1. Which entry in [x] 1, 5, 10, 12, 12, 11, 10, 8, 7, 7, 5, 4, 3, 2, 1, 0, 0, 0; [y] 1, 6, 13, 18, 20, 18, 13, 8, 3, 1, 0; [z] 1, 5, 12, 16, 17, 15, 11, 8, 6, 5, 3, 1, 1, 0, 0 is this structure's computed P(r) over Cα pairs in 5 Å bins from 0, in percent?
2. Cα gyration tensor of region 33-133, axes a ≥ b ≥ c as square roots of the eigenvalues: rounded (a/c below 1.5), prolate (a/b > b/c) or oblate?
3. Subtracting the Cα-Cα distance from 0.36 nm times the residue separation, let me have the gained length for residue 271 to residue 157 in nm, one decimal.
4. Quick one: which of 32-42, 222-232 comes out on top by average Cβ neighbours within 10 Å, and what's the full order, highest first?
5. Once the piece of chain linking residue 113 and residue 256 is laid out straight, how much longer is it, given 0.36 nm per residue of separation minus the C-alpha distance between them?
6. If I fit a long axis through the Cα atoms of helix 193-209 and take the longest principal axis of the Cα atoms of the chain, what angle between them do I get, 0 to 90°, rounded to 10?
7. Which order do the peptides 247-255, 134-142 take when ranked by the mean count of other beta-carbon atoms within 10 Å per residue, highest first?
8. Given a 10 angstrom Cα cut-off, can you work out which residue in 217, 270, 207 is the most mobile in a GNM of the chain?
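Each value in this text was obtained by applying a stated rule to the coordinates, not by laboratory testing. Everything numeric here is computed off the predicted structure, so don't read it as measured data. Note: ideal-geometry Cβ built from the backbone for every residue, glycine included; neighbour counts use all protein chains shown.
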């Protein structure tokens, strides 16, 4: 519906021209509204610019050094096409010229997300740092041509903030997340607050760096309070609760769950502290 309204409006503007040309839907932010917002997390820092009615673009630097440029497009304006990214002088840079070749988006285009790889991302970063603009350009079948302009206004100071943020990121290794322990209260299948924080961090790791991970295995365990059969069922519910949490936080890898019940304890069950250590789910990543 949103796309049809834009096409109808653009078509009205073209009545005075040729009837066979595609309507052009052009988007840009007013100079006074151009902002680069910095967002930071444990694994990446990103600069974000909003383009009214179109969506937003992000320049992302990850803890492993990888640089990504992507656009999140408003629903109805993008249907998975390849997108051309062109660099051009800013309006106040008359006489300057840039290579005419367009950079193509990668295959990771889904749910309104357009992503460019390492080399295009670096070219965009250097161009914006030098005051140039960038333009996203694509067509929606024979319905319309879409063009979104990315402004370099205020980018240099934003880039300094991005580099400061990246300097604070800690190196990430697979060994840091290969095994995660989540603990539970007596008789409960709800992860503790600390366990939920660990799972949220694991989910973000998998979202960003989890490409090589084939299977996420969640194994539930209990203490020895109660019968063996009830503890087996409780261990399975604990593993399922972890699976549910990871799915809700965007984990797409295959997840297998299992229960060992009260067997395979990591501590004796003679003290409350030992029993607390045994009430756990172990999450293992398999590449």
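1. Here P(r) over Cα pairs in 5 Å bins from 0, in percent agrees with entry [x].
2. Values: a/c = 1.40, a/b = 1.21, b/c = 1.16.
Because its axes are fairly even, with a/c under 1.5, region 33-133 counts as rounded.
3. 35.3 nm
4. Values: 32-42: 14.1, 222-232: 16.8.
The peptides rank, most packed first, as 222-232, 32-42.
5. On the way: separation 143, 0.36 × 143 = 51.48 nm, distance 2.86 nm.
So the extension gain works out to 48.6 nm.
6. Computed tilt is about 40 degrees.
7. Numbers: 247-255: 14.1, 134-142: 16.4.
Peptide ranking by packing, descending: 134-142, 247-255.
8. Most flexible of the set in this elastic network: 270.
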